[in-house]
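First the structure, in the form of structure tokens, and then the observations on it.
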Amino acid sequence: ANRLFKEDFGEDIGCHCYEIYKHRDEPCLVCPVAETFKDGRSRQSEEVVTSNSGEHMNVLVQTAPMRGLDGEITAVIEMSTNITLIRQLQDQLASLGLLVGSISHSIKGVLAALDGGMYIVNSGFQKNNPKRIAEGWDIVQRNVRQIRSMALDILYYAKDRELEFASFDARLLAREACSKIEHKAEELGIEIEGPSGGEAVIVEADEGAMRAALINLLENAIDACRIDKRKETHKVSFSVADEGEKVAFIVEDNGVGMDRETREKVGSLFFSSKGQEGTGLGLFISNKIVQQHGGTLDVDSAPNVGTTFSVRIPKRCATPPSERKPMPAEG
């Protein structure tokens, strides 16, 4: 136990615990050691501390008084148990429960829509009405795509893998991502303006992960246009900008837009800007992938005007492979 403590916090004998644990100069507002000195009672509390390597840990702190022959307290023993893995497991189980509930609710809605689409298709065949058949088939196709998207998002969230960094052209990646959603946009009558030509912008990143993040943002923009009934025409623009040490991917749409409350929740687990139509995993995963690359995902939006997502990542990876955290893995 002492060996592990030394590995995480060093051997600074004579220093206060708040200096070693929390790297600060002032005592904690409520100090369990000081409280035990006062009344002789043992204390137990949970703290979040920081190791020498900068890692945050959850520890269970317990104190016990040591008394001399005269019964007076001469010292207090402070024992710390690292419970980080337990807390991580609890968080995962809590997230899993939210995931099951959110996905179940979404699947229920998709199945209801599929039933409606199949009913329209069947009635179109019975009445020999090609227009009704096409209408129902569009509904079926749209909901099948949504099931596929949900399944891929679940796979990304459920697994962990290391980022695989390689050099590639950011403009080419953006054009590839745009090509994946052009058919869906065309079916919905939404104009797509992809990245224009220009010099290659070489970036070092995980190409597969970034492609998934960008496709999620593009699909979100298309859905924002699809559910907007106020405008006659809709457009999604996708551009790439060379910003020196960083590269920016900009996705703009003139869809329904978001109010301030919705904007502030973008990227939160299981929160969807599409209400009951989405699971909230897509934007969460995109945001997490961008953060894994040391980048940022910013959103600018206004109701009934549209939304702009701006992704910025460094052109060069500054994080050594041994220090990179696992990211959601592709199925």
Would you call residue 139 assigned to a helix (DSSP H, G or I) and either within 20 Å of residue 216 (Cβ to Cβ) or modelled with pLDDT of 90 or more (or both)? no
Taking the range 195-229 and keeping residues surrounded by 19 or more Cβ atoms within 10 Å (Cβ to Cβ), touching a Ser or Thr at 6+ places or on another chain (Cβ under 8 Å) and not hydrophobic (A, V, I, L, M, F, W, C) leaves 195, 216, 219, 220
Enumeration of residues in the range 164-176 that are touching a strand residue (DSSP E or B) at 6+ places or on another chain (Cβ under 6 Å) and hydrophobic (A, V, I, L, M, F, W, C): 165, 170, 174
Quick test of your reading of the structure: residue 183 fulfils all but one of (1) closer than 18 Å to residue 307 by Cα; (2) free of Cβ contacts under 8 Å to residues at least 40 places away in the same chain; (3) not charged (D, E, K, R). Name the failing condition by number. (1)
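Yes/no per residue for (1) assigned to a helix (DSSP H, G or I); (2) in the same structural domain as residue 263 (by TED's automatic domain parsing); (3) at pLDDT below 90:
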| residue | (1), (2), (3) |
| --- | --- |
| 288 | yes, yes, yes |
| 291 | yes, yes, yes |
| 297 | no, yes, no |
| 312 | no, yes, no |
| 316 | no, yes, yes |
| 330 | no, yes, yes |
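Hey, among the residues in the range 1-11 that are of a type in the set (Asp, Glu) and surrounded by 11 or more Cβ atoms within 10 Å (Cβ to Cβ), which one's farthest from residue 81 (Cα to Cα)?
By that ranking, first place goes to 7.
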Can you work out which of the residues in the range 184-193 that are closer than 22 Å to residue 257 by Cβ and outside any strand (DSSP E or B) is farthest from the chain's Cα centre (by Cα)? 189
Any idea which residue in the range 12-38 is surrounded by the most Cβ atoms within 10 Å (Cβ to Cβ), counting only those that are over 17 Å from residue 75 (Cβ atoms) and among the hydroxyl-bearing types (Ser, Thr, Tyr)? 21
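The values are calculated or read from the model by the stated rules, or taken from the named source; none is laboratory data. Everything quoted here is computed from the prediction, not taken from an experiment. Glycine gets a Cβ as well: all are built from the backbone with ideal geometry, and neighbour counts include every protein chain shown.
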